[in-house]
1. Taking the Cα centre of region 7-85 as origin, sum charge times position over the Cβ atoms of Lys and Arg (+1) and Asp and Glu (-1), and report the length of that vector in debye to the nearest 20.
2. Determine the sum of side-chain charges near W23: Lys and Arg each +1, Asp and Glu each -1, restricted to other residues whose C-beta is under 9 angstrom from that of W23.
3. Give me the percent of the accessible area of region 7-85 that comes from carbon and sulfur atoms, probe 1.4 Å, all protein chains in place.
4. For D38, what is the net charge nearby, where nearby means another residue's Cβ is under 13 Å from its Cβ and Lys, Arg count +1, Asp, Glu -1?
5. Hey, can you find the accessible area per residue of region 7-85 for me, probe 1.4 Å, expressed in square angstrom?
6. Take peptides 42-51, 18-27, 118-127 and line them up by average Cβ neighbours within 10 Å, highest first, as a rough protection proxy.
7. Go through 33-40, 65-72 and give me the packing order, highest mean Cβ count within 10 Å leading.
8. Students often check this: by mean Cβ neighbours within 10 Å, which of 73-79, 104-110 ranks highest, and how do the rest follow?
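The values are calculated or read from the model by the stated rules, or taken from the named source; none is laboratory data. For clarity, every value in this text was computed on a predicted model and none was experimentally measured. Ideal geometry is used to build each Cβ from the backbone, glycine not excepted, and the neighbour counts take in all protein chains shown. To get the accessible areas, we keep the full protein, side chains included, count just its heavy atoms, and leave off ligands, DNA and RNA. Shrake-Rupley method; radii C 1.70, N 1.55, O 1.52, S 1.80 Å.
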Amino acid sequence: MPTLTKLYTMEEASQHNTKDDCWVVIDGKVYDVTSYLDEHPGGDDVVLAATGKDATDDFEDAGHSKSAKELLQTFCVGELDASSTIIPELEISSKKEATNYSQKLMDLTKQYWTIPVAIVGISVVVGFLYLRKK
């Protein structure tokens with residue numbers, strides 16, 4: 001489907017990550033919010049932290065009002081190029097991975113056995129000292 005707005009890759013959008021040139025990506029759209037940084041109620045550092053990644057979750061989690069969402073539309077400079085977006089593949093677990101996790105757990109247990117033994121040993125010594133004073 002052709003679009004009338006300019007397409008940007010995430011790499012291009014992430015290069016605009018300073019107070020003098022700040023772009024964020026929200027819901028597949030690219031916004032140049034440089035002129036709004038000083039006015040942002042949460043401070044410019046919150047917006048700057050959202051650059052270089054998809055900030056949709058950060059924006060939604062902040063609970064922005066309807067007027068804030070409308071204001072955001074005025075800063076739109078383009079859309080995110082969906083063909084350049086890398087979607088991580090889903091990992092399918094298998095029995096091999098399950099045994100791998102159990103093996104890791106066993107290795108950790110072997111590695112840190114001294115901590116529970118030390119706790120039990122100290123408890124026994126304190127118990128004997130307590131009974132001895134009676």
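1. Approximately 160 debye in magnitude.
2. Net charge around W23: -3.
3. C and S atoms contribute 48 percent here.
4. Summing Lys and Arg as +1 and Asp and Glu as -1 gives -3.
5. 58 Å²
6. Result, highest mean first: 18-27, 42-51, 118-127.
7. 33-40, 65-72
8. Packing proxy ranking, top to bottom: 73-79, 104-110.
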